[in-house]
Amino acid sequence: MASTIPDPQHRTGTAHQEAPPPSERAGRVEAHGIDHIPDHERHGHPRQLFSVWAAANVTYLSLVIGGSLILMGLTLWQALAAVVAGNLFWVLTGLLAVSGPAAGAPSEVITRAMYGVRGNRVNNAIVGWLISVCYFALNLAAAASAAFALVERTGLTATTGVEIAVVLVIAALTLAIGVYGHAMIMKIYLPITLALGAVFCVVAVAVLGHTDFSYTPAAPLHGGDLWTAMIAAVTLTGSGPLSYTTSADFSRYLPRTTSPRAVAGWTALGGFLPSVVVCSLGALAATAVDMTDPQAGLAHLLPGWFTPVFLLALVLGTIAINALTSYSAGLALQAVGIRIRRSVSVLADGTAAVSLTLYGLLASDFLETVNNVLQLTVVLLGPAMAVYAADILLRRNRYDGTALMDETPDSRFWYTAGVNPAGALALAGGVVAAALCVDTLYTGPVARLLGGVDLALPVGLVVAAVLYLLLMRRRTTAGAA
């Protein structure tokens, strides 16, 4: 099989700002799906990626995570250290984003280079679509709870009918952004970032005024218990950036000559800063109030007049993150092989997520079950992120976007019966290794031997990356790559 690594393409610094073509304007539904973006339609500047990721990471769940670190028994400074350490995984999200301008294709297509044409369909069905829909449902449920509280402050009772209406309105706003697509996201996420930033500045002032900076739990953790809690805290905060294996979706319209460092830097910084700030605010607040119910806890710290503004900001932040999720899930559904327009696939994803949310809120504890299951997603997402990152480094970010579009048996990415054994084995090996070390819904044998220390994240990342590099180099040496 011919080499999957095309000749190097010349890159010269950072691309200048160009006017978008008519097909890529905020008032029009995006025409492109998983197809290749030709050079004459590329435009933009990598700094625009900062607001995309910043708006999407000022979320209610980040507050919940920050508060939960204190509830796990950590001191304030231990919790803050875990917040910073876990969010350093945004560097990997930034690294994955550099493949977008190089290929002119979304992550869901670029991963054909790792798994093969057929193997990538399975990858997108699970890593791309199923997990995205679950995250959409969880975030929608979080936004709905804030919206329910906002509705009740108006004097209305949040009856079942009102709750259904609220969920549908939030979902409609979210899906509208996803349907209009890339240009709409680039247009509105800067003002959303500025609005959320202003709101959380007020929150920060209120929280810092009540924070107990000398806080320690009644029974401080020591030895193995402390290590167990710290590793769990880093894994919990790191699960956010690790879930974004699709960051090339939002950078693929940038010109081919765009600086990879700028793309990686603005993406990573846009995710890192707000995630650290909001998670830290959750931890700081937990030293003063009970954060088992973050809305109720923060209500004791915020001025009464400001609470509705804060609740509205939580809803807006969740709409921002879910719009990105629905957008990528729509691309994943196309990449699975379903021949529908991207706008229709986004609506299909939203319908599935709304159904899960309503069922969980109104009929059962399903969302609680999904939340527990998502604690295990690091077992899958860590190795998936590692394989993708390893491939970018191995190929030196040289991707042939046109060749990636070829799904026939003659494709250079067909490999063996449509599957790249190196990618499949590396991902499977990383997942198995991580599963042996996990300690969440179940305890793996390695975690049991270590007294409950959960090493699933680092082990899964390292095993998957090393296996992939070794197997791909062996394939290249044998002349099959």
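The values are calculated or read from the model by the stated rules, or taken from the named source; none is laboratory data. Because the structure is a prediction, the values reported are computed rather than measured. Cβ placement follows ideal geometry from the backbone for every residue including glycine, while neighbour counts extend to all protein chains displayed. Surface areas here come from the heavy atoms of the whole protein model, side chains and all, with no ligands, DNA or RNA. Shrake-Rupley method; radii C 1.70, N 1.55, O 1.52, S 1.80 Å.
Residue pairs whose Cβ atoms lie under 8 Å apart, sitting 6 or more positions apart in sequence or on different chains, and linking a residue in region 426-455 that is more than 25 Å from ASP391 (Cβ to Cβ) to a partner that is β-branched (Val, Ile, Thr) and assigned to a loop (DSSP other than H, G, I, E, B), are ASP439/VAL453; GLY444/VAL438; ALA447/VAL438; ALA447/VAL453; ASP454/VAL438; ASP454/THR440.
For ALA105, are the conditions met, namely being part of a helix (DSSP H, G or I) and small (Gly, Ala, Ser)?
no
Of all residues in region 242-266, those being under 12 Å from the mean Cα position of the chain (by Cα) and more than 17 Å from TYR327 (Cα to Cα) number 1.
Of all residues in region 52-67, those being surrounded by 22 or more Cβ atoms within 10 Å (Cβ to Cβ) and assigned to a helix (DSSP H, G or I) number 11.
Annotation note: Cβ proximity below 6 Å between a residue of region 127-147 that is within 30 Å of ALA428 (Cα to Cα) and a residue that is hydroxyl-bearing (Ser, Thr, Tyr) and surrounded by fewer than 24 Cβ atoms within 10 Å (Cβ to Cβ) (sequence gap 6+ or interchain) occurs for ILE131/THR377.
Filtered by the rule that a residue be in a helix (DSSP H, G or I) and of a type in the set (Phe, Trp, Tyr), region 73-102 gives TRP77, TRP90. Only one entry in TYR359, TYR253 is among the hydroxyl-bearing types (Ser, Thr, Tyr) and outside any loop (DSSP other than H, G, I, E, B), namely TYR359. Only one entry of VAL133, VAL166, VAL207 meets the criterion of being closer than 30 Å to GLY423 by Cβ and crowded, with 18+ Cβ neighbours inside 10 Å, and that entry is VAL133. Within region 149-163, restricting attention to residues that are among the hydrophobic types (A, V, I, L, M, F, W, C) and open to solvent by 40 Å² or more (accessible area, probe 1.4 Å), the residue that is farthest from the chain's Cα centre (by Cα) is LEU156. The residue pairs whose first member lies in region 157-182 and is under 17 Å from THR325 (Cα atoms), whose second member is small (Gly, Ala, Ser) and not in a helix (DSSP H, G or I), and whose beta carbons are closer than 7 Å, counting only pairs six or more residues apart or on different chains, are TYR180/ALA26.
In this structure, VAL202 does not qualify as among the β-branched types (Val, Ile, Thr) and either closer than 30 Å to SER107 by Cα or open to solvent by less than 20 Å² (accessible area, probe 1.4 Å) (or both).
Restricting THR267, THR258, THR235 to those that are part of a helix (DSSP H, G or I) and under 19 Å from LEU96 (Cα atoms) reduces the list to THR267.
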